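Heads up: the structure comes next, in C-alpha coordinates.
The values are calculated or read from the model by the stated rules, or taken from the named source; none is laboratory data. Computed from a predicted structure; not experimentally measured. A quick note on method: Cβ atoms are made from the backbone with ideal geometry, for glycine too, and the neighbour counts reach across all protein chains shown. In case anyone asks, the SASA skips ligands and DNA or RNA and just uses the protein heavy atoms, side chains included. Shrake-Rupley method; radii C 1.70, N 1.55, O 1.52, S 1.80 Å.
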Amino acid sequence: MSFTPGFAGTRRNRNPNLPPGQYEVNNFPVLTIGPTPVVATTDWSLELRGEAGDSVSWTWDDLMGLPADEFTTDLHCVTAWSQFGMPWKGVSLDTLLTALPEHARSSAHHVLASCYGGYTTNVRYEDITDGKAWIAYEYNGAPLAREHGGPARLLIPHLYLWKSAKWVNRIQLLSAKTRGFWEVNGYHDVGDPWKEQRYS
Ligand SMILES: Nc1nc2c(c(=O)[nH]1)N[C@H]1C(S)=C(S)[C@@H](COP(=O)(O)O)O[C@H]1N2
Ligand SMILES: [Mo]
(Lines give C-alpha, C1' and ligand atoms only; values in the text may rest on other atoms or scores of the structure.)
(Ligands and ions follow the chains in the order given, each with its own letter.)
Protein backbone atom coordinates (compact mmCIF):
# COMPACT_ATOMS: atom_id res chain seq x y z
CA MET A 1 0.00 0.00 0.00
CA SER A 2 1.22 3.47 -0.79
CA PHE A 3 -0.14 6.93 -1.35
CA THR A 4 1.26 10.18 -2.61
CA PRO A 5 1.77 12.64 0.27
CA GLY A 6 2.02 15.60 -2.09
CA PHE A 7 -1.72 16.00 -2.44
CA ALA A 8 -2.46 16.00 1.28
CA GLY A 9 0.30 18.54 1.83
CA THR A 10 -0.79 21.04 -0.79
CA ARG A 11 -2.85 23.23 1.50
CA ARG A 12 -0.84 22.69 4.68
CA ASN A 13 0.24 26.33 5.00
CA ARG A 14 -3.14 27.85 4.29
CA ASN A 15 -4.58 29.82 7.24
CA PRO A 16 -7.63 27.89 8.46
CA ASN A 17 -9.36 31.24 9.17
CA LEU A 18 -9.21 32.16 5.48
CA PRO A 19 -12.40 31.21 3.61
CA PRO A 20 -12.05 29.58 0.18
CA GLY A 21 -10.83 31.87 -2.61
CA GLN A 22 -9.74 34.64 -0.21
CA TYR A 23 -6.31 36.16 0.50
CA GLU A 24 -5.14 38.11 3.53
CA VAL A 25 -4.64 41.89 3.64
CA ASN A 26 -3.76 44.29 6.45
CA ASN A 27 -4.71 47.68 4.99
CA PHE A 28 -8.55 47.64 5.37
CA PRO A 29 -9.39 48.59 1.76
CA VAL A 30 -12.23 51.03 1.04
CA LEU A 31 -14.95 49.89 -1.36
CA THR A 32 -17.74 52.36 -2.08
CA ILE A 33 -20.14 52.71 -4.99
CA GLY A 34 -20.56 56.41 -5.74
CA PRO A 35 -19.73 59.40 -3.57
CA THR A 36 -18.98 59.15 0.14
CA PRO A 37 -21.85 60.75 2.04
CA VAL A 38 -21.21 63.39 4.69
CA VAL A 39 -23.37 62.61 7.71
CA ALA A 40 -22.98 64.71 10.85
CA THR A 41 -23.84 62.97 14.11
CA THR A 42 -26.25 65.84 14.81
CA ASP A 43 -28.21 64.88 11.66
CA TRP A 44 -27.80 61.12 12.02
CA SER A 45 -30.70 58.82 12.77
CA LEU A 46 -31.42 55.14 12.46
CA GLU A 47 -34.87 53.70 11.90
CA LEU A 48 -35.96 50.12 12.45
CA ARG A 49 -39.20 49.48 10.67
CA GLY A 50 -41.61 46.56 10.83
CA GLU A 51 -43.88 45.55 8.00
CA ALA A 52 -47.13 46.51 9.73
CA GLY A 53 -45.98 50.10 10.18
CA ASP A 54 -44.22 49.76 13.52
CA SER A 55 -41.18 52.01 13.63
CA VAL A 56 -38.50 52.94 16.14
CA SER A 57 -35.83 55.61 15.61
CA TRP A 58 -32.61 56.50 17.39
CA THR A 59 -30.69 59.75 17.31
CA TRP A 60 -26.91 59.71 17.76
CA ASP A 61 -27.31 60.53 21.45
CA ASP A 62 -29.83 57.70 21.80
CA LEU A 63 -27.34 55.30 20.22
CA MET A 64 -24.50 56.47 22.47
CA GLY A 65 -26.74 55.82 25.47
CA LEU A 66 -27.16 52.13 24.63
CA PRO A 67 -24.90 49.36 25.93
CA ALA A 68 -22.18 48.61 23.36
CA ASP A 69 -19.97 45.60 22.64
CA GLU A 70 -16.25 45.72 21.99
CA PHE A 71 -15.24 42.79 19.85
CA THR A 72 -12.54 41.62 17.48
CA THR A 73 -13.48 39.98 14.20
CA ASP A 74 -12.26 38.92 10.77
CA LEU A 75 -13.85 40.53 7.71
CA HIS A 76 -14.19 39.01 4.24
CA CYS A 77 -14.89 40.99 1.07
CA VAL A 78 -16.26 39.33 -2.06
CA THR A 79 -13.45 40.96 -4.06
CA ALA A 80 -11.35 38.30 -2.25
CA TRP A 81 -9.56 40.18 0.52
CA SER A 82 -9.89 39.13 4.14
CA GLN A 83 -8.51 40.94 7.14
CA PHE A 84 -8.08 39.25 10.50
CA GLY A 85 -8.46 40.50 14.06
CA MET A 86 -10.18 43.83 13.50
CA PRO A 87 -11.27 45.62 16.72
CA TRP A 88 -14.74 47.17 16.66
CA LYS A 89 -17.23 48.80 18.99
CA GLY A 90 -20.94 48.96 18.38
CA VAL A 91 -24.48 48.27 19.54
CA SER A 92 -25.83 44.78 18.92
CA LEU A 93 -28.84 44.57 16.61
CA ASP A 94 -30.42 42.40 19.31
CA THR A 95 -30.49 45.43 21.61
CA LEU A 96 -32.20 47.57 18.96
CA LEU A 97 -34.64 44.88 17.85
CA THR A 98 -36.12 44.52 21.34
CA ALA A 99 -37.54 48.05 20.88
CA LEU A 100 -39.86 46.73 18.19
CA PRO A 101 -43.03 44.91 19.28
CA GLU A 102 -42.89 41.12 19.21
CA HIS A 103 -45.41 40.85 16.34
CA ALA A 104 -43.13 42.94 14.11
CA ARG A 105 -40.22 40.58 14.77
CA SER A 106 -42.05 37.26 14.58
CA SER A 107 -43.15 37.85 10.96
CA ALA A 108 -39.65 38.91 9.84
CA HIS A 109 -37.69 36.57 7.57
CA HIS A 110 -35.69 39.08 5.59
CA VAL A 111 -34.20 42.51 6.10
CA LEU A 112 -33.44 45.39 3.74
CA ALA A 113 -30.84 47.88 4.94
CA SER A 114 -30.83 51.37 3.36
CA CYS A 115 -28.17 54.03 3.66
CA TYR A 116 -27.45 57.72 3.40
CA GLY A 117 -26.39 57.96 -0.25
CA GLY A 118 -28.87 55.36 -1.46
CA TYR A 119 -27.03 52.00 -1.15
CA THR A 120 -29.18 49.04 -0.16
CA THR A 121 -28.53 45.40 0.71
CA ASN A 122 -30.71 42.49 1.81
CA VAL A 123 -29.92 39.81 4.38
CA ARG A 124 -31.88 37.08 6.10
CA TYR A 125 -33.40 38.16 9.40
CA GLU A 126 -31.62 35.26 11.12
CA ASP A 127 -28.30 36.80 10.06
CA ILE A 128 -28.82 39.93 12.16
CA THR A 129 -30.04 38.24 15.37
CA ASP A 130 -28.35 36.30 18.18
CA GLY A 131 -25.18 38.37 18.40
CA LYS A 132 -24.26 38.30 14.72
CA ALA A 133 -24.73 41.97 13.73
CA TRP A 134 -23.96 45.43 15.11
CA ILE A 135 -24.36 49.13 14.40
CA ALA A 136 -20.63 49.81 14.61
CA TYR A 137 -19.26 53.29 15.32
CA GLU A 138 -15.66 52.72 16.42
CA TYR A 139 -12.84 50.90 14.68
CA ASN A 140 -9.40 50.43 16.18
CA GLY A 141 -10.27 52.60 19.20
CA ALA A 142 -11.28 55.64 17.14
CA PRO A 143 -14.54 56.98 15.68
CA LEU A 144 -15.34 55.11 12.48
CA ALA A 145 -13.76 56.93 9.53
CA ARG A 146 -16.17 58.42 7.03
CA GLU A 147 -14.91 56.28 4.13
CA HIS A 148 -15.61 53.13 6.16
CA GLY A 149 -19.18 54.21 6.92
CA GLY A 150 -18.76 56.74 9.70
CA PRO A 151 -20.41 57.83 11.79
CA ALA A 152 -21.98 54.34 11.92
CA ARG A 153 -22.40 51.28 9.75
CA LEU A 154 -24.07 47.94 9.85
CA LEU A 155 -21.50 45.21 10.55
CA ILE A 156 -22.32 41.56 9.84
CA PRO A 157 -18.87 39.94 10.03
CA HIS A 158 -19.95 36.36 9.21
CA LEU A 159 -21.20 37.45 5.76
CA TYR A 160 -19.33 38.99 2.81
CA LEU A 161 -18.71 42.64 3.56
CA TRP A 162 -21.09 44.07 0.94
CA LYS A 163 -23.85 43.11 3.41
CA SER A 164 -22.34 45.50 5.98
CA ALA A 165 -24.11 48.67 4.86
CA LYS A 166 -22.05 51.81 5.49
CA TRP A 167 -23.90 54.98 6.61
CA VAL A 168 -26.93 52.80 7.31
CA ASN A 169 -30.05 54.74 8.28
CA ARG A 170 -32.94 52.32 7.92
CA ILE A 171 -33.42 48.62 8.51
CA GLN A 172 -36.72 47.21 7.30
CA LEU A 173 -38.01 43.88 8.54
CA LEU A 174 -39.76 41.96 5.78
CA SER A 175 -41.70 38.72 5.40
CA ALA A 176 -40.66 38.40 1.74
CA LYS A 177 -37.25 39.15 0.23
CA THR A 178 -36.57 42.52 -1.38
CA ARG A 179 -33.18 42.58 -3.11
CA GLY A 180 -30.62 45.33 -2.59
CA PHE A 181 -28.12 46.98 -4.92
CA TRP A 182 -25.65 44.14 -5.48
CA GLU A 183 -28.22 41.39 -5.11
CA VAL A 184 -30.29 42.83 -7.99
CA ASN A 185 -27.05 42.65 -9.97
CA GLY A 186 -26.55 38.93 -9.35
CA TYR A 187 -24.83 38.78 -5.99
CA HIS A 188 -25.97 36.21 -3.45
CA ASP A 189 -28.93 36.77 -1.13
CA VAL A 190 -27.15 35.11 1.83
CA GLY A 191 -23.43 35.72 1.12
CA ASP A 192 -21.67 33.22 3.41
CA PRO A 193 -17.92 33.38 2.67
CA TRP A 194 -17.35 29.85 4.01
CA LYS A 195 -19.78 28.51 1.39
CA GLU A 196 -18.39 30.92 -1.25
CA GLN A 197 -21.86 32.36 -1.84
CA ARG A 198 -20.64 35.16 -4.08
CA TYR A 199 -23.29 35.02 -6.84
CA SER A 200 -26.82 33.68 -6.97
N1 LIG B 1 -23.52 52.54 1.80
C2 LIG B 1 -22.66 51.67 1.29
N3 LIG B 1 -22.32 50.60 2.01
C4 LIG B 1 -21.45 49.69 1.51
C5 LIG B 1 -20.91 49.84 0.22
C6 LIG B 1 -21.28 50.99 -0.53
O7 LIG B 1 -20.85 51.19 -1.67
N8 LIG B 1 -22.15 51.89 0.05
N9 LIG B 1 -20.04 48.89 -0.29
C10 LIG B 1 -20.13 47.56 0.30
C11 LIG B 1 -19.03 46.73 -0.10
S12 LIG B 1 -19.09 46.03 -1.64
C13 LIG B 1 -18.02 46.43 0.75
S14 LIG B 1 -16.83 45.31 0.33
C15 LIG B 1 -17.90 47.09 2.05
C16 LIG B 1 -16.59 47.79 2.13
O17 LIG B 1 -16.43 48.37 3.38
P18 LIG B 1 -15.10 49.22 3.63
O19 LIG B 1 -15.06 50.27 2.56
O20 LIG B 1 -15.20 49.74 5.00
O21 LIG B 1 -13.97 48.23 3.46
O22 LIG B 1 -18.93 48.02 2.29
C23 LIG B 1 -20.19 47.64 1.82
N24 LIG B 1 -21.13 48.62 2.26
MO1 LIG C 1 -17.40 44.32 -1.62
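Here are some notes:
- Fully extended contour minus Cα-Cα distance, from Glu70 to Thr98, at 0.36 nm per residue: 8.1 nm
- Helical content of the chain, expressed as a calculated mean residue ellipticity at 222 nm, amounts to -2000 deg cm²/dmol (DSSP H runs of 4 or more residues, -39,500 (n - 2.57) each, divided by residue number, nearest 500).
- Taking all protein chains into account, the per residue accessible area for the chain stands at 50 Å² (1.4 Å probe).
- Magnitude of the charge dipole, the chain, Cβ model with Lys/Arg +1 and Asp/Glu -1, debye to 20: 740
- Farthest toward positive dipole pole in the chain [+1 Lys/Arg, -1 Asp/Glu at C-beta], among Pro101, Tyr119, Leu174: Tyr119
- When a 1.4 Å probe is rolled over the protein heavy atoms, the share of accessible surface on the chain that falls to carbon and sulfur comes to 51 percent.
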